[in-house]
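Participant: Got a structure for you, questions after.
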Amino acid sequence: MKNKKIVSLAALLIASLTAAQAQFTPGNLVVLRDGTGSGALSSAGTAIFLDQYTTIGGFVNSLAIPTTGSSALVDSGTAASEGQLSLSAGNQYLVFAGYNTSAGTAGVAGSTTIPRGVGTVDANGNYSLAATTTTFYNGNNIRGGTSDGSGNFWGAGAAATGGTVYLGGGTPSQIVFSNSLAIQDIGGNLFFSTAKGTPGIFEFTGTPTSGPVAPTLLFATGANPSDFTFNPNMTIAYVANTASGANGGISRYNYSGGVWSFAYTLDSGTAMNAVVADFSGAQPVLYATTESGTSLVEITDAGSGTTSGATVLDTAGSNEAFRGLEFVPQVVPEPTSYALVGLGLATLLGFRKRNRS
């Protein structure tokens, strides 16, 4: 019984240290928001914020990304395709892309001299400008990024000078000359969406660090895909559609017999930008941001007969826009935390021995 008490106390020590350090709460959502609300959004460099929400729409806190200095990262305020969020492999970091310049810098997406960059934020709220390039995405948009969690990074953006580009840990290299929107590292393979050529979701086997490499079309989607998400077994996929009216909403695809097939579309009347899904219950619960940037919404997938539309969880403020969306990153305790736990255990054991002597 005494050993069980010691184990329980150790667990409490770890939990308390983790809670004290964490910027984010497990299970919550993070929305990438562009704009401070103080001035109209424009094509100039715009401040980025990572806003944390509960899954019922309760605002928790906001993390501001630097807008000045060597680690600054901003978006173009009027480019709805920018600001995509992903989780690194292992879910340790939020990953996003932007322009390594100060807020207010005019025409950032059209600049051929402003560096493009990929930023990361861990569960403790620590931000890092992880990789930059002055070679790729010149004169056009960089939209998103991803990472293997081990020092390698990839960007997604306009095809003219970019597409899918390897940006970290070695020499930057164009992996594929293809317009890309959202990009993710899932299970050690890279996936990206594109609305050009053959619109759809594509996959690279592995995580290539030099190119060109030919991707495989996982499934075609129609003309307007954006962000996407898969269930853990990779048998269900949801794709956000940026068109309004009947071509909008979130489309579901099922994998069976070695083939991905379109199933149905949820809330087809609304243009959607980013999407994530909670597959823990009997029915998947989807969270999305609208293409207009105005709303964070929730949809429960009750099957092809689902008739209810999206429930609005929160609305962006005036002169602000919601862009990318993800679940919060996982907490990985620092080595010093483990040392403190070890010290606490040693103290507990010593106290127990003294009591028995």
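The values are calculated or read from the model by the stated rules, or taken from the named source; none is laboratory data. Computed from a predicted model, the values in this text were never measured in an experiment. Note that we place each Cβ from the backbone using ideal geometry, even for glycine, and neighbour counts take in every protein chain shown.
Participant: Report the residue count in the stretch 195-237 for those that are over 25 Å from GLY281 (Cα atoms), assigned to a loop (DSSP other than H, G, I, E, B) and not basic (Lys, Arg).
Facilitator: Selection size over the stretch 195-237: 19.
Participant: Could you tell me whether any residue of the stretch 132-145 is part of a loop (DSSP other than H, G, I, E, B), in contact with a strand residue (DSSP E or B) (Cβ under 9 Å, 6 or more places away or on another chain), among the β-branched types (Val, Ile, Thr) and surrounded by fewer than 19 Cβ atoms within 10 Å (Cβ to Cβ)?
Facilitator: yes
Participant: Can you tell me which condition ILE56 does not meet? The list is (1) exposed (fewer than 15 other Cβ atoms within 10 Å of the Cβ); (2) farther than 23 Å from GLU298 by Cα, and all the others hold.
Facilitator: Condition not satisfied by ILE56: (2).
Participant: Look at the stretch 276-293 and say how many of its residues are in contact with a strand residue (DSSP E or B) (Cβ under 7 Å, 6 or more places away or on another chain) and of a type in the set (S, T, N, Q).
Facilitator: The qualifying residues number 3.
Participant: Yes or no: the stretch 228-240 includes at least one residue that is in the same structural domain as VAL285 (by TED's automatic domain parsing), within 22 Å of ASN140 (Cα to Cα) and out of contact with any Cys (no Cβ under 8 Å at 6 or more places or on another chain).
Facilitator: Scanning the stretch 228-240, I find no residue that is in the same structural domain as VAL285 (by TED's automatic domain parsing), within 22 Å of ASN140 (Cα to Cα) and out of contact with any Cys (no Cβ under 8 Å at 6 or more places or on another chain), so the answer is no.
Participant: Looking at ALA246, ALA274, ALA282, ALA240, can you tell me which residue is touching a residue at least 60 places away in the same chain (Cβ under 8 Å) and either under 16 Å from GLY324 (Cα atoms) or not in a strand (DSSP E or B) (or both)?
Facilitator: Within the list ALA246, ALA274, ALA282, ALA240, the selection yields ALA274.
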